[in-house]
Ligand code: ATP
Ligand code: ATP
Ligand code: MG
Ligand code: MG
Ligand code: MG
Ligand code: MG
Ligand code: MG
């Protein structure tokens, strides 16, 4: 076909591979959410429905992409850590950034009515996305510490600001009531959201006969139990399906994504979950 005389334009499309063997940190952030939150009457300083919707969208992204090992969210942003060995889309930068940003955005819109019933969207929200590469575990730890410290600083500022706007006696609010109660605020507001896969998913069971519950935790692997690493889990772990169907699906590891609101600046979170930085 005469088409061939046009195909040279394809050569202008340059490859954009991300350096192998490095941690990929993907972050997205709501576009002009100051305005978006005003237009949709988010409660100030922290609208819990909006935060839960962000968590939901993040969980959908993690479910679709098993190479995401950790996610952290606050305000209108979410960060996702991809294992350093990931070969997702051959590590093509724009493919990864655009696809993940798009999935998050569509999930946010898709699930909006569950969190804001009887409050239709006034216009389509959007998110920007970027990837930063980090060479070492220390960089990754420091990255998440940076984001969680930001959560704290913003929440402290916003809580004080809105207390002053909405409250009566400023001095009383600032120096007595507010100072004392800050640590009793919902941990979600102070710490943000942390999403990760539970380690129990590292083991799955291939026998037809023996249900997992009947195998004691300490039983050595005798050929009955086959541990499978998350690495191989191209599996879309849609674990919500019927139990009958999932009998056959037991060849694929069942992953569970947990959402908690805890400290990730100190060592405990990481020491208890060494697989995250594997
Ligand atoms: P940009 O497009 O540059 O990101 P932006 O307006 O989104 O601009 P951000 O720095 O991302 O600016 O701040 C997001 C803003 O969205 C917050 O300052 C806050 O006003 C609002 N916001 C986001 N989530 C919530 C929430 N759950 N509850 C209340 N307000 C929120
Ligand atoms: P990739 O994720 O790499 O883009 P892809 O499956 O989306 O993979 P494309 O090359 O983008 O591959 O092709 C999109 C495909 O979607 C088309 O080949 C066609 O099969 C289907 N498709 C898209 N739009 C339509 C449409 N309007 N009607 C019928 N089929 C469509
Ligand atoms: Mg911003
Ligand atoms: Mg924003
Ligand atoms: Mg933001
Ligand atoms: Mg196409
Ligand atoms: Mg396509």
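Only residues that are touching a helix residue (DSSP H, G or I) at 6+ places or on another chain (Cβ under 7 Å), part of a strand (DSSP E or B) and more than 10 Å from ligand 5 (Cβ to nearest atom) were counted in segment 11-33, giving 4. Every test in (1) within 16 Å of ligand 4 (Cβ to nearest atom); (2) at pLDDT 95 or above is passed by residue 44 save one, and that test is (2). Exactly one residue out of 63, 86 is touching a residue at least 40 places away in the same chain (Cβ under 8 Å), away from ligand 4 (no atom under 16 Å from the Cβ) and under 15 Å from residue 103 (Cβ atoms): that is 63. For residue 77, the stated conditions hold: it is closer than 25 Å to residue 273 by Cα and within 16 Å of ligand 4 (Cβ to nearest atom).
When 34, 40 are checked against the criterion of being over 23 Å from residue 256 (Cβ atoms) and within 16 Å of ligand 3 (Cβ to nearest atom), 34 stands alone in meeting it.
Taking the options 42, 36, name whichever one is buried (at least 16 other Cβ atoms within 10 Å of the Cβ), within 16 Å of ligand 1 (Cβ to nearest atom), at negative phi and not in a helix (DSSP H, G or I).
Matching residue, one of 42, 36: 42.
Based on what the data block shows, is residue 71 within 28 Å of residue 136 (Cα to Cα), within 16 Å of ligand 5 (Cβ to nearest atom), at pLDDT 95 or above and not in a loop (DSSP other than H, G, I, E, B)? So residue 71 passes the test. Being away from ligand 3 (no atom under 16 Å from the Cβ) and within 30 Å of residue 267 (Cβ to Cβ): is that true of residue 144 here? The answer is yes for residue 144.
The values are calculated or read from the model by the stated rules, or taken from the named source; none is laboratory data. Just so you know, these numbers come straight off a predicted model, no measurement behind them. As a convention, Cβ positions derive from the backbone with ideal geometry for all residues, glycine included, and neighbour counts pool all protein chains shown.
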